[in-house]
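One structure below.
The values are calculated or read from the model by the stated rules, or taken from the named source; none is laboratory data. Since the structure is predicted, the reported quantities are computational estimates derived from the model, not experimental observations. Ideal geometry is used to build each Cβ from the backbone, glycine not excepted, and the neighbour counts take in all protein chains shown. Note: areas computed on protein heavy atoms with side chains; ligands, DNA, RNA excluded. Shrake-Rupley method; radii C 1.70, N 1.55, O 1.52, S 1.80 Å.
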Amino acid sequence: MWTSYPVWKMYEVRHTLKKIKPISMYVFSSSSDNEHFTLPKFLDVHLSNASQTLKLHPTWLRDHCRCPDCYNAVTYQRKNDILKLNEHSTISAHSQSDGLLHVLWSDGHKSIYSIPWLISNTYEGRCRTQEEEANRLITWDGSMGNLPSLEPILYHNAMHDDNTLSEIYRRVIQYGFVQIEQVPSTEIDTKMIIERVCRMSRTVFGKFWETGTNFDHMDTGYLNGYLEAHTDNTYFTEAQGFLVFHCTHFNGKGGESFLVDGFHVAKQLKQLDPIAYDYLSKANITAEYIEPGEHFSSGGAILRHDPVSHQLEQIRFNMLDRAPLTSVPQSEVGTFYRHLRTLAMLVRQKENEYWFRLSPGTVMVIDNWRLLHGRNSYEGKRVLRGCYYSRSDFMSKARHYGIIL
C-alpha cells in the first residue's frame, strides 16, 4: 500500500537532500585540498628528452607504489585499500636520478618508481605505445607486394626452439597470419604443434575440430560450397581471437582458400567514405548461430575500436550469420544497408583477396579479429582439422615474448 506524504513533509525531504553534497565532491579530495574547487598539484617527471615532462597525479602515484607494503610481488596483486588512498596522497619530497623517481609521502612512506615503467603504465604513455604498435602492423592487399620475404617456419624448429615460437607470435601480430611448414599430416602431430603455440579453446564446435568428414554442426563451413570472406564467431559475446587450419587430406578439385586483410579494407573505407566508417563503428549488428540445443546471439559494431587509444582492434564481418535486424530503427534502415554494402563491396574486391591452397603439411594460424577468410567450392574429399585460440590466451603469450605490452 502506498502512503501519501503531506506537502510540507515532501518539502522537508527535498530541502534536506539539497544540503547533501554529492559523493563526487569527495572523490580524490583531501582534508586540505578539495579538487572540486582546486586543480590537483601534479608531479612533473622529466623524461630523457629534456623538452618533455610527464605529469603524474599524487593519488595515481600512491596507488601504483610497488613496495612490499603496497604490492604483492608473488601474486602480482595490489594490497592498497582504495578507500584510504586519498589520506596518503600528499607528497612531502621527491627526487629523480638514474632512471628512478623517489617519493617521500607525508605519512613517512617511501616509494621508488622506474621512469620507463611510469611511462608505459600511464594513460598518456600507453596511448603512445598503442599507437606505435598499431603503426608496426603491416596491412596488405591481395598482391602482398609490401610484405617482406620471410624464411619458412618449420615444424621441427617450432617444436623445439622458443625463438622460433616467438617469431610465430611476431608474424601473427604484425601480418595477421603465419604458416608453419612440414607438419606431419596426422591428428597427433597437428595437435602437438597447435598446443605448442597456445592453449586450445573449447567452444560449441569442440576443442579440436574436423570438417569434411561429417556434417557435425549446422554451419556452412562443414559443407563443400563456396564460402565468402568472413570472420568467425560473430555470435559469441567475445569472438575467438585466432583460428588454426591444417588440411590433412585433399583428393579432388577446387577448394582453394583466400584471405582478406580486414584492417586494410577498413583503411580503404575510411578514405572512401568516412561517414560509413563512423556509422559502422557505432551501429549495432546482431549475429546468431542455431543448432539443436544451442542458440548463440551477440551484437556489436562491425568496426570495434580500443576505448582508450581509439585504434581499430576488431572487424566483425559475417554476412551469413546476421540475425534479424532488430537493433536499427526502420527510419535508419536505408542508411544502415547503404553503409554495409559499401564495406561489403570493398571486402569483395578481387584486389583485396590473397588466394592460396591449404595443403597437407602446412598449418596456418589466422587472426580472427583482423583477417577474413573464405574458400572456393570443391569436389572430392577435403579434411580440415583445427581449433580456436582465445584472444586472452594468445595475447598473454605475445606479452610473455615481448611482442606487445
What's the total number of residues in the range 284-306 that are in contact with a helix residue (DSSP H, G or I) (Cβ under 6 Å, 6 or more places away or on another chain) and surrounded by fewer than 21 Cβ atoms within 10 Å (Cβ to Cβ)? 0
Checked pairs for the range 75-96, first part of a loop (DSSP other than H, G, I, E, B), second surrounded by 11 or more Cβ atoms within 10 Å (Cβ to Cβ) and β-branched (Val, Ile, Thr), C-beta under 8 Å and 6 or more apart or across chains, list as Ser89/Thr59
Given the conditions (1) part of a helix (DSSP H, G or I); (2) touching a Phe, Trp or Tyr at 6+ places or on another chain (Cβ under 7 Å), report the number of the one that Ala344 does not fulfil. (2)
Take the residues in the range 222-235 that are in contact with a Ser or Thr (Cβ under 6 Å, 6 or more places away or on another chain) and open to solvent by less than 40 Å² (accessible area, probe 1.4 Å), then tell me which one is farthest from Met395 (Cα to Cα). Gly225
Any idea which residue in the range 349-361 is least open to solvent (accessible area, probe 1.4 Å), counting only those that are polar (S, T, N, Q) and either in a helix (DSSP H, G or I) or more than 23 Å from Leu223 (Cα to Cα) (or both)? Asn352
The lone condition Asn157 fails out of (1) open to solvent by 40 Å² or more (accessible area, probe 1.4 Å); (2) closer than 30 Å to Gly380 by Cβ; (3) more than 26 Å from the chain's Cα centre (by Cα) is (2)
Can you tell me which residue in the range 247-283 is most open to solvent (accessible area, probe 1.4 Å), limited to those that are of a type in the set (Phe, Trp, Tyr) and more than 21 Å from the chain's Cα centre (by Cα)? Phe250
What number of residues within the range 389-404 satisfy the criterion of being aromatic (Phe, Trp, Tyr) and farther than 14 Å from Val197 by Cβ? 0
More than 20 Å from His400 (Cβ to Cβ), without any contact (Cβ under 8 Å) to a residue 40 or more places away in the chain and either assigned to a helix (DSSP H, G or I) or touching a His at 6+ places or on another chain (Cβ under 6 Å) (or both): is that true of His156 in this structure? yes
Filter the range 362-405 for residues that are open to solvent by 10 Å² or more (accessible area, probe 1.4 Å), over 17 Å from Lys207 (Cβ atoms) and small (Gly, Ala, Ser) and give the result. Ser377, Gly380, Ser396, Gly402
Filtered residue count, the range 320-341, keeping only those that are in contact with an Asp or Glu (Cβ under 9 Å, 6 or more places away or on another chain), open to solvent by less than 30 Å² (accessible area, probe 1.4 Å) and either more than 30 Å from Cys127 (Cα to Cα) or part of a loop (DSSP other than H, G, I, E, B) (or both): 2
Scan the range 316-364 residue by residue and report those that are of a type in the set (Val, Ile, Thr) and touching a strand residue (DSSP E or B) at 6+ places or on another chain (Cβ under 6 Å). Val347, Thr362, Val363
For the range 86-137, enumerate the residues that are of a type in the set (A, V, I, L, M, F, W, C), crowded, with 16+ Cβ neighbours inside 10 Å and either in contact with a strand residue (DSSP E or B) (Cβ under 7 Å, 6 or more places away or on another chain) or closer than 17 Å to Asp63 by Cβ (or both). Ile91, Leu101, Val103, Trp105, Ile115, Leu118, Ile119
Do we find that Gly241 is open to solvent by less than 20 Å² (accessible area, probe 1.4 Å) and at pLDDT below 95 in this structure? no
Only one residue in Ser166, Ser185 is among the hydroxyl-bearing types (Ser, Thr, Tyr) and closer than 25 Å to Asp261 by Cα, so which one is that? Ser166
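Each row is one residue, and each column tells you yes or no for (1) in a helix (DSSP H, G or I); (2) in contact with a Gly (Cβ under 7 Å, 6 or more places away or on another chain); (3) modelled with pLDDT of 95 or more.
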residue	(1), (2), (3)
Gly108	no, no, no
Gly125	yes, no, no
Gly142	no, no, no
Thr164	yes, no, yes
Tyr169	yes, no, yes
